[in-house]
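To keep things clear, I will list the structure first and then write my remarks on it.
Please treat every number below as a calculation from the coordinates, not as lab data. Computed from a prediction, not measured in an experiment: that's the story for all the values here. No Cβ is skipped: glycine too gets one built from the backbone with ideal geometry, and neighbour counts run over all protein chains shown.
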Amino acid sequence: MKTKRTNPDFLNGVPELLILNLLARRPRYGYELVQAIRQSTNGTLEFGEGCVYPILHRLEAEGQLDSKRQMVGGRSRVVYRVTVQGKKQLASTTMTWRRIVEAIGHALQGRENGEPALAR
Amino acid sequence: MANLPWLDKVRRRLAQSNLPPTYIRRFVEELSDHVQDLTEETMSMEANALSQMGNPEEIAEAAIDFYRRRSILGRHPTVAFLVFGLSPIVTFIVLFAVTVLATAAMIEVAHELGFSIDDWWNRLGTPGVTVWCYAMSWLTSVVPGIVVSILFCRLAKRLRMGRRWLFVSCVATGLMTAAPCFWPVLPDVPGHCITCFSLFVARSLEQIARFVVPIAIGLWFVRRTHNHGRLELAS
């Protein structure tokens, strides 16, 4: 019998999910992407902005992103865009994320077998 | 902007970890652009921009971690252990056997050429024979040990593995280099010699010296890499 994992890594991959989602809307360079994360999450996520680059490079190495150096605003920048593989990954991760959020939501509302818990 | 001490810290740490110079250059350039954007667009002081960027060491560690996880060896420590912990042992045994056979062949050739070794056993305990035994012991164990440790240090460097794996391979090689005990035992049949493998027990200073040789090679590699990183930063 397959043993279930006791520690599902539902929190792993959140930065990747955000990055893929924002880059799927339009290509961006690093600084632009960090600002977009900040705006789209209402500044809820606190992180060192430099930490975004290792993630971008890994996603690029995995073929989920593509990068090109091009002139933006009079300066040469590395602009990232999502590849077809990245879009597939985004769709799959988004679906998983929604399922987990829904399940956690149910649990936090105290529901068991679909019934709201009685306040005592 | 590219000469900020903050960026230098990141660059130095990446260089020390053997990441390719092209990757380091690109990573630092992107960080440098980001800092410039932060200072320009938010009109903030450089110090504020750098505090927003995060701790340089943490960023460098994240980059090193992500870079290593690209390869199967980086993702699976068990595979890395097979490559850097067990392969040096197997390689050493093969090279040791080859060296022993080559030495035996050399003795045979010397005999064919007229260098008599018939009375060798009658001279056991004489300084000449003792030196000869030590020379054979070093030739057959230390030479393969040196070759294997250099081979695996270079492999670790090439695959951008951390120092940990480099030392694992050096310790494994050191144990094997110290293990063979090669001493002549009076045989029933003249011309024979018994070679013993023992577990690494500090039986003699000579064995400890053999163990230290691969470790010293590992330290030399680490030091060389460290200096190389510094040179790269200076240039």
Given a Förster distance of 51 angstrom, what is the FRET efficiency for residue B:72 paired with residue A:35, based on the Cβ-Cβ distance and rounded to 0.05?
0.90
Can you check what the net charge comes to around residue A:26, using other residues whose Cβ is under 11 Å from the Cβ of residue A:26 (Lys, Arg +1; Asp, Glu -1)?
+2
Once you order the gyration tensor axes a ≥ b ≥ c over the Cα atoms, which shape class does region B:5-70 get: rounded for a/c under 1.5, otherwise prolate or oblate by comparing a/b with b/c?
prolate
Pairwise label distance in nanometres, residue B:134 with residue B:61, each label 7 Å out on the Cα-Cβ vector
4.8 nm
Between residue B:206 and residue B:111, what's the calculated FRET efficiency when r is the beta-carbon distance and R0 is 25 Å? Round to 0.05.
0.35
List B:168, A:101 from most exposed to least, where exposure is judged by having the fewest other Cβ atoms within 10 Å.
A:101, B:168
Name all residues of region A:74-95 having a backbone nitrogen under 20 Å from the label point set 7 Å from the Cα of residue A:17 along its Cα→Cβ direction, giving them as ranges.
A:82-83, A:85-95
Could you line up A:23, B:73 from fewest to most neighbouring Cβ atoms inside 10 Å?
B:73, A:23
Once amide H atoms are placed 1.01 Å from N in the peptide plane, what residues at a sequence separation of 5 or more from residue A:28, or on another chain, have their amide H within under 5 Å of its amide H?
A:80
Rg and Dmax of region A:14-100, Cα atoms only, in Å
12.8, 43
At a 10 Å Cβ-Cβ cut-off, how would you order B:70, B:12, fewest neighbours first?
B:70, B:12
Suppose the chain between residue A:24 and residue A:70 were pulled fully straight at 0.36 nm per residue; how much longer would it get relative to their current alpha carbon spacing?
14.7 nm
